[in-house]
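One structure below.
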Amino acid sequence: MVHYEKLIKASEYMGEIATYSTYGCAFKVIPKYDDPLVWCSSLIPFLYDWNAPFFIDKIKDSASLGECTVKLLESLCKTLEQMKIRINVFRKLKLDLTSNLARYKPLIIKLYEALKQIVGATGAAKVLHLLAPNFFVMWDTSIRRAYGVNDSGEDYYRFLEKMRDEIREAVNSYKQTYNIDNYEEARNDLELILGRPLTKAIDEYNWLKYTKRQDI
């Protein structure tokens, strides 16, 4: 299980979320709007940056980068428009405060599988995280392997269960260390220290430990 100090160490290693980065731009812009076209304007540069290997072959198969981008924009925007009401359900939730996660299982799987068809398994989790950053957690192949899951919708749901438990463990370790009675008060304090959502902090810990093989 993840102790809160490991999340702090990971966040310090990664530094502040740069608002000019492709992630930082999407993280800042998307929550302000309820328009899939605006979402895509931030998501596509982010995906090319953070999920480049998936798109290399697609770009090679297209006449140009522009053609590939137009196809991606059309497909992603259409799918997000169709799923917008479902996505908005999760924009109001926080993963570790969701006690009845099973209630949302069919919806999580449906959203993930629809996006996976367009941007792949790793990209789907990244898109979902940016659309609802307090609920969904990103992953990659190394992280999936470390947690013993594959890349199906069912596996992504299982991964979210594991991440909910890890986040709760981190918050509870902080709560115990500083003798805080209330869980939500402890989580808010910890997020303030981290300077990012707990879902992003756990991803940074996972990425450093399992993808980059850092001793953390």
### Message
Let me see the P(r) profile for the chain: every Cα-Cα distance counted, bins of 5 Å, each bin given as a percent of all pairs.
### Response
1, 7, 15, 20, 20, 17, 12, 5, 2, 1, 0, 0, 0
### For 42, 152, order by how many other beta-carbon atoms lie within 10 Å, fewest first
152, 42
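Calculate the dipole size of the chain relative to its Cα centre from +1 charges on Lys and Arg beta carbons and -1 charges on Asp and Glu beta carbons; express the result in debye to the nearest 20. Write down the numbers at each step before the final one.
Values: 31 positive and 29 negative charges, 74 e Å.
Computed charge dipole of the chain: roughly 360 debye.
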### In Hz, Karplus ³J(HN,Hα) per residue of segment 43-57 (6.51, -1.76, 1.60; θ = phi - 60°; x = Gly, Pro)
5, 5, x, 4, 5, 4, 7, 9, 9, 4, x, 5, 8, 4, 5
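Laboratory data are not the source of any read-out in this text; all were calculated from the coordinates shown. All values derive from a computational prediction rather than experimental measurement. Don't worry about glycine lacking a Cβ; one is built from the backbone with ideal geometry, like all the others, and counts go over all protein chains shown.
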